[in-house]
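To keep things clear, I will list the structure first and then write my remarks on it.
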Amino acid sequence: MKNKPIYVVAMLALSLPNCRKLLDVPSPQDQLTATTVFSSDANAEEAMTGLYIGVMNSSRTLLNGGMSLFGGLSSDELANTTPNPFIDPFRMNELTPDNIYCSSLYGTAYNIIFTANSLIAGLNSSGGVSPAVKTELRGEAEVVRALEYFYLVSLYGGVPLVTDINFQTTAKLPRDPVAGVYAQIEADLTDAQQVLSTTYLSTSAYPGARTRPNRLAAMALLARVWLYRGQWALAEQEADTVIGSGMYQLEPGLDSVFRSGSREAIWQLQPVNSMLTTAEAAAFVPRPGFRPAYELTGEWLGAVESGDLRRVYWTDSLTVGSARYYYPYKYKLTAVSPVDTEYNMVLRLAEVYLIRAEARAEQGNIAGAQADLDTVRARAALPPTTAGDMPGLLSAILHERQVELVAEWGHRWLDLKRTGLADAVLGSEKPGWVGTDTLYPIPAGELTANPGLYQNPGYQ
C-alpha cells in the first residue's frame, strides 16, 4: 500500500468481492487518479468509504478486534485455552519484537493512517469538492487518524508521527515523544469537533446508522484522551456535552447494547467481510460443542458482584469434557445474517458516564461521581455505590470499568497502565511479569527498515 497512491487503493477497496458496502454508492470507476477522486462530492464520499472498508476488512488489527483480544490477554481478563506460540506471549506478557501479531497491529495502523493522510491532503487541495463536504470528510479522517494514534501510543509509547503523504520522508521518521503524539491526537479531535456536524450521515440503505463519526463522537474520544492525560476538568467538559446532548441513552436491555440500532452507540463500525460479522464474535464465541479459543479468567469472574446482569447477558459458558469455560458474549452473531444486526461498538454512552464519574471524583465532586457511577450500575441491577470518598470512589469506578468494559477495546489493559496499577495487579498474577511489559516491543522489521527507531526497554 505504501508504494501506491493510497487514495486509489481506498477506492478500489469498494469493489472487493468479499466486502459488504458501507454506503449506498455506485461502484468505483477504473483507473482513478487523484484528480478524479476529489473531483466531486460523490467521488470523495466513495474514497472515505474506502477508508472504513480498509479499517474493517482485516481482523485482529487495532481498530477491528485486535485491542479487544490482545489487550484482554495482556491484562487479567482473558486467557487462551490452547497453547499458541504467537498468542501465549500476550497472555504471559513475554512478547518479542518478531511476534507476528504485534507487528501486524503496528503495521496495519500505519496503513490506515497513511490512507487518512491521503484523504486529508486530497480534500485540502481539491477544487471539485464542495466546502461543506470537504470539511465534513476531513473531520472524519482526523477522528480515524486520532483513534489509530491513541492506540499506538497506548501500546508502544512514542511512535513516529506521520501526518503527510511523502513516503520518502516519512519512512525514516524517528519516534516522537508520547506528549507529541498526544498533542497531534488532541489537535485532530479539536479540529474534528469544530467541522463535523452533530447529525449522523446516513444513506437510504442504512438510515439512522451511526457508522461515521459525528461531532459528539470526536468529543467522546477527546474526553477519554483528557482523562488519560489527567486533565480532569476538560474530560468532564467534553463528557458533559455528549451526555447533555440528549442524543444517546443507556439501552435498558443489555442484549441491545451492541446491536446496529443501539441508542447507546456514539460511533459504530459496520462489518464488511462476508465471512463473519464482528471480529469479537469470531474470536470469542465458540462453535457448538467446541471449547472457546479464549476464556474469561477467574480474576474477572471473581470481580463480578452477585446479581450483576452483565454476568447473565454478556458472558456465556459451555462444558467440554469435564471442564467448564466462560467466555465473552457481548457480540453473539458468528454468521452473516440477511440484515446486519450487530456492529462493532467504538464509543458508547456507558463509557462516557464512567469517564465523567472519574473526572468528577478526581476534582472532589463526590456526589456527581456517585450519580454517574450509579447510572451505570443501575442498568446492571446493582445497588448504589457505598464509596463515599475520593480514594474509595476511584477504586469503585475502576472496578466498574473492569466489569462494564470487559473484552472491549483493551480498556482493562490500558486502565491498569494509566493508573499505575499494572505492577501490583499483574505482578501477582503472572509469574514472568516485569515493569517494562507495560509497553509492547517495536516490531523487528520496523527497526530494520528505519535505523532512526529505537527499541522499548526490556526487549532485545
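Residues in segment 58-82 that are open to solvent by 20 Å² or more (accessible area, probe 1.4 Å), assigned to a loop (DSSP other than H, G, I, E, B) and not hydroxyl-bearing (Ser, Thr, Tyr): 1 in all.
Only one entry in Pro160, Pro89 is under 17 Å from Pro441 (Cα atoms) and touching a Gly at 6+ places or on another chain (Cβ under 9 Å), namely Pro160. The residue of segment 264-283 that is most open to solvent (accessible area, probe 1.4 Å), among those that are over 17 Å from the mean Cα position of the chain (by Cα) and of a type in the set (A, V, I, L, M, F, W, C), is Met275. Annotation note: of Val352, Val406, Val346, the sole residue that is part of a helix (DSSP H, G or I), open to solvent by less than 30 Å² (accessible area, probe 1.4 Å) and within 30 Å of Ala283 (Cβ to Cβ) is Val352.
Going residue by residue through segment 151-171, is there one that turns out to be of a type in the set (Val, Ile, Thr), touching a residue at least 24 places away in the same chain (Cβ under 8 Å) and touching a Ser or Thr at 6+ places or on another chain (Cβ under 6 Å)? Scanning segment 151-171 turns up at least one residue that is of a type in the set (Val, Ile, Thr), touching a residue at least 24 places away in the same chain (Cβ under 8 Å) and touching a Ser or Thr at 6+ places or on another chain (Cβ under 6 Å).
The values are calculated or read from the model by the stated rules, or taken from the named source; none is laboratory data. Keep in mind that what you see is a predicted model, and the values were worked out from it rather than measured. Reconstructed Cβ throughout: ideal geometry from the backbone, glycine too, with neighbour counts over all protein chains shown. In case anyone asks, the SASA skips ligands and DNA or RNA and just uses the protein heavy atoms, side chains included. Shrake-Rupley method; radii C 1.70, N 1.55, O 1.52, S 1.80 Å.
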